[in-house]
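Any read-out appearing in this document is the output of simple, stated calculations on the displayed coordinates, not a laboratory observation. Everything numeric in this text was worked out from a predicted model, so none of it was measured. Glycine also receives a Cβ, built like all others from the backbone with ideal geometry; neighbour counts cover every protein chain displayed.
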Amino acid sequence: FRQQQDIRSFFTRK
Amino acid sequence: MFEAKLQQGGLLKKILESVKDLVVDGLWDCDGAAITLQGMDSSHVALVEMLLRAEAFEHYRCDRNVTLGMNHNHLSKILKCANNDDIVILKAADQNPDSCSLILESKNGEKTSDFVVSLVRIDTDQLGIPETEYSAHVKMSSGEFQRICRDLSQFGDAVQITCSKQDVKFSSSGETGKANITLTHSATVDKEEESVTVDLKEPVDLTFALRFLNLFTKATPISDTVTLSLSQEAPLVVEYKIGDSGHIRYFLAPKIQE
């Protein structure tokens, strides 16, 4: 089973 | 004030078609140099970033930076009224506008339609996307990429993308079995838009949800070619150039083994 990652975890909040 | 006149309304129609199924409400940031749009899908798996520089427009004026909160379904209704060769003019007031005007002019100047679209308030995080050195870049025909994503969707929900040496392999599996499609770096280039370029620093092996890739391929009419940028443990970047005056980039978070 593969877990979908959250895109926000790769980028920083402006 | 903000005013932008686009000679070929078809371009704005294509841009909207390529974002509206992924992002319902988007912030269109306008400054003196460009219009940029950033938005995420509702499940926060994918992010789209669009850049359209001022030089794409026949006339472009932006006295003060202005952010337009657009509901893409509403904007789409207006642009459905436009022919591809209609001129489209966008207008908005400088300070906290609550609406944006769109004027459509037929090529022969005999028909003018004008619309006012109400802007929406959007509370969303604007994300900073760091400069990244990718392990692999694959440039290929956008139509071929669309075909591969569509074909593999018959076999599974996810695609495994593997780059090694001069090949890129797209694989999907499910109840029916397994499908593999391999593209090899083109030995000779007759037509650039039909060739495959694999530029590899390190081998990569990543898995992504096909549902999102199929949404990204709505941008296929914007460019003959698409570039995939991949690094292990990083989002995939799917980029379509908008001529020499901008791009649409989609970022998709990978699926990881539990």
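Over region B:1-154, with a single point scatterer placed on each C-alpha, what log10 of the ratio I(q)/I(0) does the Debye formula yield at q = 0.13, 0.19 1/Å?
Treating every Cα as an identical point scatterer, log10 I(q)/I(0) equals -0.68, -1.28.
Return, for the Cα atoms of chain B, the radius of gyration and Dmax in Å, separated by a comma.
19.6, 61
In µm²/s, what is D for the protein assembly as shown at 10 °C and 1.306 mPa s, where D = kT/(6 pi eta Rh) by Stokes-Einstein and Rh is the Kirkwood radius from Cα pairs?
In µm²/s, the coefficient is 80.
Under a GNM of chain B (C-alpha, springs under 10 Å), which listed residue has the highest mean-square fluctuation: B:Glu202, B:Glu194, B:Glu175?
So, out of B:Glu202, B:Glu194, B:Glu175, the one fluctuating most is B:Glu175.
With a cut-off of at most 11 other beta carbons within 10 Å, and DSSP calling the residue loop, which trypsin sites (Lys or Arg not before Pro) in region B:99-208 qualify? Please list them.
Within region B:99-208, the qualifying trypsin sites (Lys or Arg not before Pro) (loop, at most 11 other Cβ atoms within 10 Å) are B:Lys111, B:Arg121, B:Lys165, B:Lys191.
Output ³J(HN,Hα) for region B:72-82: one whole-Hz value per residue in order, computed from phi by the Karplus curve 6.51 cos²θ - 1.76 cosθ + 1.60 with θ = phi - 60°, and x for Gly and Pro.
5, 5, 5, 5, 5, 4, 5, 6, 5, 7, 9
Write down the Å³ per residue value for the convex hull defined by the alpha carbon atoms of region B:138-188.
74 Å³
Please list, in chain and number order, the residues 5+ apart from B:Thr124 or on another chain whose amide H is under 5 Å from its amide H, with Hs placed from the backbone.
none
If amide H atoms are built 1.01 Å from N in the plane of the peptide, which residues on other chains or at least 5 residues away come under 5 Å of the amide H of B:Trp28?
B:Leu68, B:Gly69, B:Met70
Once phi is turned into ³J(HN,Hα) by the Karplus curve 6.51 cos²θ - 1.76 cosθ + 1.60 with θ = phi - 60°, what whole-Hz value does each residue of region B:9-21 show in order, with x for glycine and proline?
For region B:9-21, the Karplus curve yields x, x, 5, 5, 4, 5, 4, 5, 4, 7, 10, 6, 7 Hz.
Which of the pairs B:Lys191/B:Lys218; B:Lys14/B:Lys178; B:Lys13/B:Lys201; B:Lys91/B:Lys139; B:Lys139/B:Lys255 have their Cα atoms more than 27 Å apart in this structure?
Too far apart for the 27 Å limit: B:Lys14/B:Lys178; B:Lys13/B:Lys201; B:Lys91/B:Lys139.
Would you kindly compute the Cα radius of gyration of region B:152-258 and its largest Cα-Cα separation (Dmax), both in Å?
Cα only, region B:152-258: 14.3, 44 Å (Rg, Dmax).
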